[in-house]
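The block underneath contains the structure these notes are about, expressed in structure tokens.
The values are calculated or read from the model by the stated rules, or taken from the named source; none is laboratory data. Since the model is a prediction, treat every value here as computed from it, not as a measurement. Cβ coordinates were reconstructed from backbone atoms using ideal geometry, including for glycine residues, and neighbour counts include every protein chain displayed. All accessible areas refer to the heavy atoms of the entire protein, side chains included, with ligands and DNA or RNA removed. Shrake-Rupley method; radii C 1.70, N 1.55, O 1.52, S 1.80 Å.
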Amino acid sequence: MSDCLFCKIISGDIPCEFLYQDDELLAFMDINPQAPFHCLVIPKLHISSLSATTEEHEAVLGKLALAATRICKEQGFDENGYRLVINCGEDGGQTVQHIHMHILAGRSLQWPPG
Ligand code: AMP
Ligand code: ZN
């Protein structure tokens, strides 16, 4: 999608250092971190939001969660824990219309979120 920020990161139009990448996914650090470790995991396929997913996206959604879990393990957050978040839509606080999973770690996170 030509006007999508994350598609521009995927295509290389916006330079970005990747923490992880495979055929289907990319992970990179959030530009405005909300925790000592704040990384985003995205599919290379443009999907606008969680509410746009259907059964055909079952595998990629599973891969997002598994990649995030693997990254947390590699970064040493297994013991203290971490939070995975997908914001969806306006009330969910979604600002980039390309589905992404936030990984927040490295501090004690409050509940409920704001
Ligand atoms: P959300 O509000 O859930 O849609 O999350 C979008 C996230 O993308 C925010 O946490 C932003 O800080 C982050 N973000 C926006 N632009 C960039 C960028 N160029 N590189 C890395 N993260 C970004
Ligand atoms: Zn996109």
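Laid out as a table, the results:
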{"read-out": "Any chance Asp13 is of a type outside the set (Ser, Thr, Tyr) and open to solvent by 50 Å² or more (accessible area, probe 1.4 Å)", "value": "yes"}
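Okay, residues lined up against (1) in contact with a helix residue (DSSP H, G or I) (Cβ under 8 Å, 6 or more places away or on another chain); (2) at pLDDT 95 or above; (3) surrounded by fewer than 16 Cβ atoms within 10 Å (Cβ to Cβ); (4) at positive phi:
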residue	(1), (2), (3), (4)
Ile47	yes, yes, no, no
Ser51	yes, yes, yes, no
Val60	no, yes, no, no
Leu66	no, yes, yes, no
Arg70	no, yes, yes, no
Gln75	no, yes, yes, no
Gly81	no, yes, yes, yes
Asn87	no, yes, no, no
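Listed here are the residues, each with its yes/no results for (1) within 16 Å of ligand 2 (Cβ to nearest atom); (2) of a type in the set (Phe, Trp, Tyr); (3) touching a residue at least 60 places away in the same chain (Cβ under 8 Å); (4) touching a Leu at 6+ places or on another chain (Cβ under 8 Å).
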| residue | (1), (2), (3), (4) |
| --- | --- |
| Thr54 | no, no, no, no |
| Ala67 | no, no, no, yes |
| Gln75 | no, no, no, no |
| Ile86 | yes, no, no, yes |
